[in-house]
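Before any comments, here is the structure.
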């Protein structure tokens, strides 16, 4: 049976997991799914794992992270395609009051009121800690826990170890133990595009191309919307 290895970051995980059984059934192919952060430091980013020699056919990650890989010549030219957009959102542990984040002033107040905030150390967390929190003038007044992955941030939130998590909406909806509040105000947004591309040297580029086609087709629309993401018209 043909093998396909995919390495994916958290942002597009929801739609991917929903569509994967259909792809495997359709192609009779066995897909191995590995996981890594789109950006950041540490050994678990997609870039670090590829640098360590992990063999992958297809990557799905933030456009920012993909641009870095393209710059290193790791991506087969012309194979990259944008799949969906994830705005930033916030969530709280289930059963706790939902703070108001509808305006910049309300968001600022709610962040200051939250005793501790978890953010992922990838693309969104870099933006939040380096840009948004300083711009709001609250960087030195809030306690921010940066986790390596978004899933770790939501795990802390579900366990009640932090009061709020801020990250892509797709990593906050449909997660047990946490309640999605909503999207951040437009003026504070980082609209993250999640993209797919085939790795240079892939031995299963045809299968990888088939999976990209499915994930970027109208068949994936419901899965994308269900995961709190915005659809890209191709």
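What follows draws every value from the coordinates through simple rules; no lab data is involved. Keep in mind that what you see is a predicted model, and the values were worked out from it rather than measured. As a convention, Cβ positions derive from the backbone with ideal geometry for all residues, glycine included, and neighbour counts pool all protein chains shown.
Taking the Cβ-Cβ separation of residue 130 and residue 226 as r and a Förster radius of 30 Å, what is the calculated FRET efficiency to the nearest 0.05? Calculated transfer efficiency: 0.45.
For the listed peptides 125-133, 226-234, a ranking on the average number of other beta carbons within 10 Å per residue, highest first, reads 125-133, 226-234. Over the residues of the chain, the helix contribution to mean residue ellipticity at 222 nm works out to -8500 deg cm²/dmol, using -39500 (n - 2.57) for each DSSP H run of at least 4. Each label was represented as a point 7 Å from its Cα along the Cα-to-Cβ direction; for residue 151 and residue 210 these points are 2.6 nm apart. Please work out the C-alpha center-to-center distance from the stretch 4-35 to the stretch 142-208 and express it in whole Å. Taking the Cα centre of each part, the stretch 4-35 and the stretch 142-208 sit 17 Å apart. Which residues in the stretch 173-196 place their backbone N less than 12 Å from a point set 7 Å from the Cα of residue 104 along the Cα-to-Cβ direction? Counting backbone N atoms under 12 Å from the label point, the list is 185-189. Peptide packing: for 158-171, 106-119, the average count of neighbouring Cβ atoms within 10 Å per residue gives the ranking 158-171, 106-119, highest mean first.
Across the alpha-carbon set of the stretch 1-64, the Rg to Rh ratio works out to 1.00, Rh being the Kirkwood radius.
Taking the DSSP bridge list for the chain and keeping only pairs wholly inside it, about 60 percent are antiparallel.
The convex hull defined by the C-alpha atoms of the stretch 151-234 has an orientation-averaged projected area of 7.6 nm². Size of the stretch 58-174: Rg and Dmax of its alpha carbons, in Å, are 15.7, 48. In the frame of its principal axes, the chain has Cα extents of 53, 33, 31 Å, reported largest first.
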